[in-house]
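Scroll down for the structure; my scribbles are underneath it.
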Amino acid sequence: MKDCIFCKIINGELPSKTVYEDDLIKVIMNINPNTNGHLLVLPKEHFVNINDITDEIITHSLKVIRENLYPLLKEKLNCEGLTIAENNELGQEIKHFHLHLIPRYPDDNADFQYDESKLIDLDEVFEKLNN
């Protein structure tokens, strides 16, 4: 896609700090990180979201995260955990499928807190999902 910022990064038209790259994916530093070491896993082929990406790319990406990236983050940045996130449609600023790898630290500012006031009854949600 010619106007996609991630496609331009993958094609070398825009600069990035590349941490890992192979034939299928490119992993870059996020320029607006939630925590130190926040990475983005970008498929080299343009996919909009979870609805059109291939199983091969998802599987490959998770394998690289498990075998290469998470160990690298733990060793070099001493993170104590990892949040893997992916947005679809609402919240997806760039319409090119990508995974966020957010290293977690005991005193990080990443806000993934439970807020009961924003939720409906658990039984109601369960019923909606099962009917």
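Which angle from 0 to 90°, rounded to the nearest 10, does the C-alpha axis of helix 55-64 make with the longest principal axis of the chain?
The angle comes out near 80 degrees.
Can you list the aspartates and glutamates whose alpha carbon sits under 13 Å from that of residue 95, skipping same-chain ones fewer than 8 residues off?
Hits, sequence-local ones excluded: 3, 45, 52, 86.
Run the quick spin-label model on residue 74 and residue 88: label points 7 Å from Cα toward the beta carbon, then report their separation in nm to one decimal.
2.9 nm
In this model, which of 44/76; 74/128; 26/74; 63/128; 8/74 are farther than 28 Å apart at the alpha-carbon?
Going by Cα-Cα distance, 74/128; 63/128; 8/74 fall outside the 28 Å limit.
Could you list 39, 90 in order of exposure, starting from the residue whose Cβ has the fewest other Cβ atoms within 10 Å?
90, 39
Working from the pairwise distances between different alpha carbons, so that the mean of 1/r is found and then inverted, what is the chain's Kirkwood radius in Å?
Computed over the chain, the radius equals 16.3 Å.
Which whole-number percentage describes the relative contact order of the chain, with Cα contacts under 8 Å and a sequence gap of 6 or more?
Rounded, it is 25 percent for the chain.
Tabulate in residue order the Karplus-calculated ³J(HN,Hα) for the stretch 21-26, using 6.51 cos²θ - 1.76 cosθ + 1.60 with θ = phi - 60°, rounded to whole Hz; enter x for Gly and Pro.
Working through the residues one at a time gives 7, 9, 5, 9, 9, 10 Hz.
The numbers here are math on the coordinates, done by the rules we state, and not lab data. Source: prediction; values computed, not measured. Note that we place each Cβ from the backbone using ideal geometry, even for glycine, and neighbour counts take in every protein chain shown.
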